[in-house]
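Written below as structure tokens is the structure these notes are about.
The values are calculated or read from the model by the stated rules, or taken from the named source; none is laboratory data. All values derive from a computational prediction rather than experimental measurement. As a convention, Cβ positions derive from the backbone with ideal geometry for all residues, glycine included, and neighbour counts pool all protein chains shown. Keep in mind that these areas ignore ligands, DNA and RNA; they rest on the heavy atoms of the full protein, side chains included. Shrake-Rupley method; radii C 1.70, N 1.55, O 1.52, S 1.80 Å.
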Amino acid sequence: MTEPTYDLIIRGGRVATTTDVFEADVAISGETIAAVGRGLAAAKREIDARGKLVLPGGVDSHAHIEQLSAAGIMNADTFESATVSAAFGGTTTVIPFAAQHVGMKLPQVVEDYHALAKKGAVIDYAFHMIIADATRETVEEHIPALVKQGHASIKIFMTYDRLKVDDEPLLDILLAARQSGAMLCAHAENHGIIAWMVKRLLARGYTLPKYHAVSHARVSEAEAFTRLIGMAALIDQPIMIFHVSTAEGAKVIRDARGQGLKVFAETCPQYLFLTAGDLDKPGADGAKWMCSPPPRTHSDQEALWQALALGDLQTISSDHAPYRFDETGKLRAGPNPNFKQVANGLPGLEMRLPLLFDAMVSKGRLGLEKFIELTATAPAKIYNLHPRKGSIAVGADADIAIWDPNREVTIADEMMHDLAGYTPFAGRKLKGWPVTVLSRGRVIIDGNKCLADAGSGQFLARSGGEAAKPTGRLVADMDPERNFGAKLL
Ligand code: URP
Ligand code: ZN
Ligand code: ZN
């Protein structure tokens, strides 16, 4: 008897990439895709995918896992619970953070997060390094060394009292990113505007969660984007602007890209499906929908969809930041906290793809190919994980989500596998659901069962790649040919 050619075949499904949708079998040998075609030879095991869509597993490039928040509150998930919930939602690669707080040494921070992920993660992962303390040692020694070890993206906050980086250290970090070949990601909101609004609102007794949205005045986003883009242009450093929430913010990005600047940007489901009105609930309930920046208006949602369609925004991440609605999380300051006392963030790893599949594929907004691009291929490319991650192609890791496009599901808190205890999207009816999920050739989700072992996810070391390369066009102030002898970058 002849040996089967492959380890596993996913047979008879409709395979999709960012450009094509076609009927094909997908054959897997070991951990990678060995062949894509019709009538492929036998395998040791077969999955019948007739009537299903065979899609690349999602890449979620922004998630806070087992991380101390800006307010010093530990988020609800472990690497195991967060990545199990991601896998149930069809996501097979995640980029969480190794988060430095002031006074911490960055190499120790990275080592600590490595240990947590190694113990728990069930899908593959890389890290963005959060820099909150731009000491000379951090900037000149630790960043270059850690980028060389495969941590090729840095994140900074322009707001939050304990984490924010002011303009001058931000320039140091931008330069360190440029010299090391790393992407610079940013939470860009104007800290002064928000702090000023918070003080005035609280002083007048406006304490409910809904005033959190008011305190993040719309202009705080566009102003910080403009300032960040200016500083990045001065250094000629590519940047990724996280969680765009307003039409004005999207326009700032469109204009910068129109000038040829290397500015990338993402949005998240909460800005496409929620509004500030969701925070307007009795008592503290609205805290469940509190994140920063806050969800905005229906017309911002439309502007963001348009920006996605035009390519101004290239990815949709979850910004998963789970806090329980109890004294360990959102209600740590008591049952009736003022909005400033509530941890910011929403759980989202699990529902990111089903929400977007329903909107983009089932309801037809932008379509299946764009769904794959925004949620898998583009983040894999921008963070230099492609072609290993983010598409179905021969030689790629066999990270695959098989979707039943006809399965109808009503989202409920009890269905979630993270530890937040609720989802801000409960009650929504969705069409389309990931029923089988593979990570490097292993079936890790089979219907409602998770088959993956804690710690089976692997760290993905990566360099900065194409997206993180400077344009090479120095502005006059930084160009040694034109600026009267300033030092070379
Ligand atoms: O409200 C949010 N998004 N919390 C998570 C931390 C962050 O990235 O802002
Ligand atoms: Zn943020
Ligand atoms: Zn975040």
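From the helices alone, meaning DSSP H stretches of at least four residues, give me the mean residue ellipticity at 222 nm for the chain, per-run term -39500 (n - 2.57), in deg cm²/dmol to the nearest 500.
-7500 deg cm²/dmol
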Using only the alpha carbons, work out the radius of gyration and Dmax of the range 22-137 in angstrom. 19.1, 60
Enter the angle in degrees (range 0 to 90, nearest 10) between the Cα long axis of helix 298-310 and the first principal axis of the Cα atoms of the chain, meaning the one along which they spread out most. 60
Rounded to a whole number, what % of the accessible area of the range 146-221 do carbon and sulfur atoms account for, probe 1.4 Å? 53
Taking the Cβ of Thr328 as the center, what net charge do the other residues with Cβ under 15 Å away carry, scoring Lys and Arg +1 and Asp and Glu -1? -1
So for the range 375-448, considering every pair of alpha-carbon atoms, how many percent are separated by more than 13 Å? 73
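Out of every Cα pair in the range 77-126, what percent are spaced more than 17 Å from each other? If you can, show how the numbers build up before the last one.
Values: 428 of 1225 pairs.
Result: 35 percent of Cα pairs exceed 17 Å.
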Summed side-chain charge close to Asn406 - residues other than Asn406 whose Cβ falls under 13 Å, Lys, Arg +1, Asp, Glu -1: +2
Report ³J(HN,Hα) in whole Hz for each residue of the range 172-185, in order, from the Karplus equation J = 6.51 cos²θ - 1.76 cosθ + 1.60 where θ = phi - 60°; Gly and Pro get x. 4, 5, 4, 5, 4, 5, 4, 5, 8, x, 10, 6, 10, 9
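Which order do you get for Glu248, Glu327, Glu266 if you rank them by accessible area with a 1.4 Å probe, largest at the top?
Working: Glu248 75, Glu327 125, Glu266 0 Å².
From most accessible down to least: Glu327, Glu248, Glu266.
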Take the Cα radius of gyration of the range 166-226 and divide it by 2.2 N^0.38 Å, with N its residue count; two decimals is plenty. 1.47
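Give the dimensionless ratio obtained when the Cα radius of gyration of the range 351-484 is divided by 2.2 N^0.38 Å.
Numbers: Rg = 19.8 Å, N = 134, 2.2 N^0.38 = 14.1 Å.
Compared with the compact-globule rule of thumb, the range 351-484 sits at 1.40.
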Would you compute the Debye intensity of the range 111-191 from its alpha-carbon atoms alone, equal scatterers and no solvent, and pass along log10 I(q)/I(0) at q = 0.11, 0.20, 0.27 Å⁻¹ to two decimals? -0.30, -0.90, -1.29
Can you give the angle from 0 to 90° between the axis of helix 79-88 and the longest principal axis of the chain, with both taken from C-alpha atoms, to the nearest 10? 50
For the table Lys119/Lys281; Lys363/Lys389; Lys118/Lys370; Lys370/Lys429; Lys52/Lys251; Lys155/Lys370, the rows whose alpha-carbon distance is greater than 29 Å are Lys119/Lys281; Lys118/Lys370; Lys52/Lys251
To make sure I understand the rule: partners must be aspartates and glutamates, Cα under 16 Å from the Cα of Lys210, and not fewer than 8 residues away in the same chain. Which ones qualify? Asp278, Asp280, Asp285
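Local charge sum around Thr275 (other residues, Cβ-Cβ under 9 Å, Lys/Arg +1, Asp/Glu -1)?
Values: positive: Arg296; negative: Asp278, Asp300.
Taking every other residue near Thr275 into account, the sum is -1.
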Residues of type aspartates and glutamates that Lys199 reaches as a straight line, Cα spacing below 17 Å, ignoring anything fewer than 8 places off in the same chain: Asp161, Glu189
Once you treat every alpha carbon in the range 387-430 as an equal point and sum by Debye, what is log10 I(q)/I(0) at q = 0.13, 0.33 Å⁻¹? -0.51, -1.10
The computed P(r) of the range 320-386 puts the percent of Cα pairs beyond 16 Å at 62
Give me the distance between the Cα centres of the range 241-319 and the range 328-362, rounded to whole Å. 15
Computed on Cα atoms, the radius of gyration and Dmax of the chain in angstrom are 22.1, 82
I'd like the per residue volume of the convex hull spanned by the Cα atoms of the range 146-197, given in cubic angstrom. 69
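Of the listed peptides 33-41, 225-233, what is their order by residue-averaged count of other C-beta atoms within 10 Å, with the highest listed first?
Working: 33-41: 15.4, 225-233: 20.9.
Those peptides, ordered most packed to least, come out 225-233, 33-41.
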Could you compute how much accessible surface Glu466 exposes when probed at 1.4 Å, giving the result in Å² to the nearest 10? 120
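What area, in nm² and to one decimal, does the C-alpha convex hull of the range 230-343 cast on average over all directions? Display every interim value, and only then the final one.
Values: hull surface 31.5 nm².
The number I arrive at for the range 230-343 is 7.9 nm².
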How big is the Rg/Rh ratio for the range 196-294, C-alpha atoms only, Rh by Kirkwood, two decimals? 1.06
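Given Cα positions, please report Rg to Rh for the range 14-62, the hydrodynamic radius being the Kirkwood one. Don't skip to the end; give the middle numbers.
Details: Rg = 12.0 Å, Rh = 12.2 Å.
Answer for the range 14-62: 0.99.
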To the nearest µm²/s, what D does Stokes-Einstein give for the range 254-317 at 10 °C and 1.306 mPa s, using the Kirkwood radius over alpha carbon pairs as Rh? 123
If you line up the long axis of helix 106-120 against the longest principal axis of the chain, both from Cα atoms, how many degrees apart are they, to the nearest 10? 30
Can you tell me the length gained on complete extension of the stretch Leu202 to Phe22, counting 0.36 nm per residue apart and subtracting the Cα distance? 59.1 nm
